[in-house]
Amino acid sequence: MAWKRKDLVSMQDTEAAEITEVLDTAESMKEIATREIKKVPTLRGKTIVNLFYEASTRTRTSFEIAGKWLSADVINFSGSGSSAEKGESFLDTAKNIEAMSPDVVVVRHKAPGGPALLAKHLKCSVINAGDGAHEHPTQALLDLLTIRQKKGHLEGLNVTIVGDITHSRVARSDIHAMRKMGMTVTVAGPPTLIPPACQDMGVKVSHRLEEAIAHADVIMMLRLQHERMTGGFIPSLREYSRVWGLTLDRLTHCRPDVLIMHPGPVNRGVELSPEVADSQYSVILDQVTNGVAVRMAVLYLLAGSRAA
Amino acid sequence: MAWKRKDLVSMQDTEAAEITEVLDTAESMKEIATREIKKVPTLRGKTIVNLFYEASTRTRTSFEIAGKWLSADVINFSGSGSSAEKGESFLDTAKNIEAMSPDVVVVRHKAPGGPALLAKHLKCSVINAGDGAHEHPTQALLDLLTIRQKKGHLEGLNVTIVGDITHSRVARSDIHAMRKMGMTVTVAGPPTLIPPACQDMGVKVSHRLEEAIAHADVIMMLRLQHERMTGGFIPSLREYSRVWGLTLDRLTHCRPDVLIMHPGPVNRGVELSPEVADSQYSVILDQVTNGVAVRMAVLYLLAGSRAA
Amino acid sequence: MAWKRKDLVSMQDTEAAEITEVLDTAESMKEIATREIKKVPTLRGKTIVNLFYEASTRTRTSFEIAGKWLSADVINFSGSGSSAEKGESFLDTAKNIEAMSPDVVVVRHKAPGGPALLAKHLKCSVINAGDGAHEHPTQALLDLLTIRQKKGHLEGLNVTIVGDITHSRVARSDIHAMRKMGMTVTVAGPPTLIPPACQDMGVKVSHRLEEAIAHADVIMMLRLQHERMTGGFIPSLREYSRVWGLTLDRLTHCRPDVLIMHPGPVNRGVELSPEVADSQYSVILDQVTNGVAVRMAVLYLLAGSRAA
């Protein structure tokens, strides 16, 4: 048992042995989804609060399903329309929630470091479900689980992440996690969307898509956020798609067993052509399925196993 | 056992024997609502996702209560503030939800045929909870259950549906279902709100309220949607109400055992006078109660009984 | 057993023996929050509907957690985006919900008397979770529980309530409840925010903060609503804070064992300085914890014990 922490706040602060522990636990959780009765009593009597300050139905739903399959009580607490709008501070809201005795608070917030702040001040467990452009650790874990299932291992694999690296918490968490697992990471995208500090994270930088994906075992296509399209970062959507969009034609120069991944939601025709999204290379829906398993694993490790 | 389908998408595609199967099952479900402990383990370990792209608390709540009384896990997934707004296609969102292994997706969408599209592409069961002006099959089923309970049978009864037939998914589902059960259906309303294709559905058309309701066993008053009031379909709200509103005075020319129904929410003073809504003829709240029973029955038939 | 009522609508209509019954029940509920498995089967098979017409995540969450720990099914029914917006009356919406056979409806509504109206017309139990500036009875009960735990008793204690008394349902419920329990209540605030009828409720009125809090066992600081800040009730936020804000400096003239309470959410730096909010005098988070226990007690007394 490698897991001893109270919280899951970032991949940067998580060790390789802990990542392996989550992935191994998720493997055993995954089987539950295939049962006739998708329910185990593991977290019965535990309370999970989804504290989401940014709209997210996908991640919130994944955590909610994970919690309910483990028999926990899951409470959705939306930041909008709440006391936050009445002028209460983020920490005061969190401390109020803590006073209701939850076991785990799953938090999404636009402020980088928000979940770490809560982890420091709350006695209950805190899971970062995305904090601004900082990290999204359960996304990285589900990406690793998907790669490990398809490839059989992680170490030594070449991963290329394509798109808006600067604003992507997914890229940041993936890079930290993949580097720790001994993987080689290349990032590719327009220079305006690659942070200068990128090389300090131990990744290669490429500004040509064909070159970046030629030897990749895994290509992770990032979503082009709508706000980037009008923010002066790219000349035009059409231009971005022409230069950085992944098409079946471009895939012909890749390894025949390459995996195409995407954190969703996909902009079909922008970063991915519909044919690629639906191709045999795509494991995008496997990622979603693994998301529930990974979240079950994390909830179990934080709320179910540490007490024992 | 007549029910073999994976989905409930429309009344048009449902056979009379299947309708009877739902109604008979709903009868036995109805007793659960009267128990001290309103809970049966029938769907324990099953996951139901309410995927609502249009605001609806009433129908969503009815499905949520139905699912919870059957011990299922029920997840509400709202279309607004979700990945749909981030440019993801309806089918991609649905496929993402499917990847989280639900047993049933209950979908409301403004696009006619949306639920049918999901039923075709998803392996899990799909229930249409209203698709634009197309169909709302569980509403028709709860209407039939209510009529059968009050009248003892369905065949041979005269039903008159009054109001905005053109834009009503309730009317469309009711007409299909009632015709299959051997009932005679008359539709009545201003010519602008009666679709020309109506007679192809096997109904009589009337443009005079008194004539239309004189021999009815059941009068189904439709809600006048606010958007119709300003859309050039009717001269004025007052005029509509004067010509097509049901009052106690007008009821004096009806059968003494006539049933007044309404899919809700009621515009008191528009299509129904308050006295009629609260009269002994009104079975509007019975419809709501039966809605939970019918949805329990459908959830059970799709998710609980087929596997056995 | 003092509790025989179907509903909890106001503190004005609740008797001292009933208040004591809730507090005693809440004491035994409180222990559940400290268990490894926070779950008792008391309300299994009971259905609770949270019918909230005003945004409130805090109170709604407290009721939701209370219901789930008692194993009830809890359904959130938001007033916005619902049939209310389609022109349905409040009572019709409530009667529709009742037709779905809930055991308890928890209602928040901006109209004073709304919950009482429902209590009169619905067969199920109704709990007032705040009706305009009228009452918020479970808040008063959790305040009393907190005071009783800290002081050992209620009778004879001096409580000072500071701030916008006129618009505060918390103040109104507190005053009724505290007077019934034999406590002395002083209200203090700008003359524009103290209702003239205040003395009829048996409270003392003070227009000087220092005088009002000098002998208090408990100081209840009310939240200054944002809308008051611009409504001509106070000269300026800064002025209000300077005259009526509670600071550590001002606390030096109070009893050394004084309790500082606040119904939340706190405007730090307005009615309370951050130092006071976080001081050893503050029991604000105890109030939140006790809120869950009090709501469990009320749900149990209304839905679980009366039938036995």
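The values are calculated or read from the model by the stated rules, or taken from the named source; none is laboratory data. If you're wondering where the values come from, they're calculated on a predicted model, not measured in any experiment. Reconstructed Cβ throughout: ideal geometry from the backbone, glycine too, with neighbour counts over all protein chains shown.
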Can you tell me which residue among C:LEU299, C:LEU246, C:LEU237 is touching a residue at least 40 places away in the same chain (Cβ under 8 Å) and either in contact with a Cys (Cβ under 7 Å, 6 or more places away or on another chain) or not assigned by TED's automatic domain parsing to the domain that holds C:ASN128 (or both)?
C:LEU246
Among all residue pairs at least 6 apart or on different chains, which show Cβ distances below 6 Å where the first residue, located in region A:169-189, is assigned by TED's automatic domain parsing to the domain that holds A:ARG208 and the second is among the basic types (Lys, Arg) and in a strand (DSSP E or B)?
A:THR186/A:LYS204
With respect to A:ILE161, is the statement that it is within 15 Å of the chain's Cα centre (by Cα), assigned to a loop (DSSP other than H, G, I, E, B) and buried (at least 19 other Cβ atoms within 10 Å of the Cβ) true?
no
With the checklist (1) more than 11 Å from chain B (Cβ to nearest Cβ); (2) over 30 Å from A:PHE90 (Cα atoms); (3) crowded, with 17+ Cβ neighbours inside 10 Å; (4) touching a helix residue (DSSP H, G or I) at 6+ places or on another chain (Cβ under 7 Å) in hand, flag the one item C:PHE63 doesn't pass.
(2)
Filter region C:46-59 down to the residues that are more than 9 Å from chain A (Cβ to nearest Cβ) and either under 14 Å from B:GLU64 (Cα atoms) or surrounded by 24 or more Cβ atoms within 10 Å (Cβ to Cβ) (or both) and list them by number.
C:LYS46, C:THR47, C:ILE48, C:VAL49, C:ASN50, C:LEU51
For region A:94-110, check the following and say yes or no: at least one residue is more than 30 Å from C:LEU222 (Cβ to Cβ), away from chain C (no Cβ under 11 Å), among the hydrophobic types (A, V, I, L, M, F, W, C) and in contact with a helix residue (DSSP H, G or I) (Cβ under 6 Å, 6 or more places away or on another chain).
yes
Give the number of residues within region B:115-134 that are in a loop (DSSP other than H, G, I, E, B) and either at pLDDT below 95 or not aliphatic (A, V, I, L, M) (or both).
5
Residues within region A:109-134 that are under 12 Å from the mean Cα position of the chain (by Cα) and basic (Lys, Arg), tallied
0
Can you work out which of the residues in region A:249-283 that are touching a Lys or Arg at 6+ places or on another chain (Cβ under 9 Å), assigned to a helix (DSSP H, G or I) and touching a residue at least 12 places away in the same chain (Cβ under 8 Å) is surrounded by the most Cβ atoms within 10 Å (Cβ to Cβ)?
A:VAL276
Using the structure shown, decide if C:GLY156 is on the phi > 0 side of the Ramachandran plot and either touching a strand residue (DSSP E or B) at 6+ places or on another chain (Cβ under 8 Å) or acidic (Asp, Glu) (or both).
yes
Report the residue count in region A:15-43 for those that are crowded, with 16+ Cβ neighbours inside 10 Å, over 30 Å from B:GLU88 (Cα atoms) and either within 13 Å of chain C (Cβ to nearest Cβ) or not charged (D, E, K, R) (or both).
6
Matching residues, region C:199-219, being crowded, with 18+ Cβ neighbours inside 10 Å and not aliphatic (A, V, I, L, M)
C:SER206, C:ASP217
Scope region A:77-108; condition at pLDDT 95 or above, under 22 Å from B:SER78 (Cβ atoms) and not basic (Lys, Arg); matching residues:
A:ILE97, A:VAL105, A:VAL106, A:VAL107
Residues satisfying the stated conditions in region A:16-66, i.e. under 18 Å from the mean Cα position of the chain (by Cα), more than 26 Å from A:ILE97 (Cα to Cα) and acidic (Asp, Glu):
A:GLU18, A:GLU21, A:ASP24, A:GLU27
Just checking: which of the strands (runs of 3 or more DSSP E) contained wholly in region C:35-114 hold 1 or more residues that are within 26 Å of B:VAL40 (Cα to Cα) and in contact (Cβ under 8 Å) with a residue 40 or more places away in the chain?
C:47-52, C:104-109
Every listed condition ((1) within 20 Å of B:ASP174 (Cα to Cα); (2) among the β-branched types (Val, Ile, Thr); (3) touching a Leu at 6+ places or on another chain (Cβ under 9 Å)) holds for B:ILE234 save (1)
Any chance A:LEU142 is in contact (Cβ under 8 Å) with a residue 24 or more places away in the chain and crowded, with 24+ Cβ neighbours inside 10 Å
yes
Condition (residue is within 15 Å of the chain's Cα centre (by Cα), within 25 Å of B:SER273 (Cα to Cα), in a helix (DSSP H, G or I) and among the acidic types (Asp, Glu)) applied to region B:135-153: is it met by at least one residue?
yes
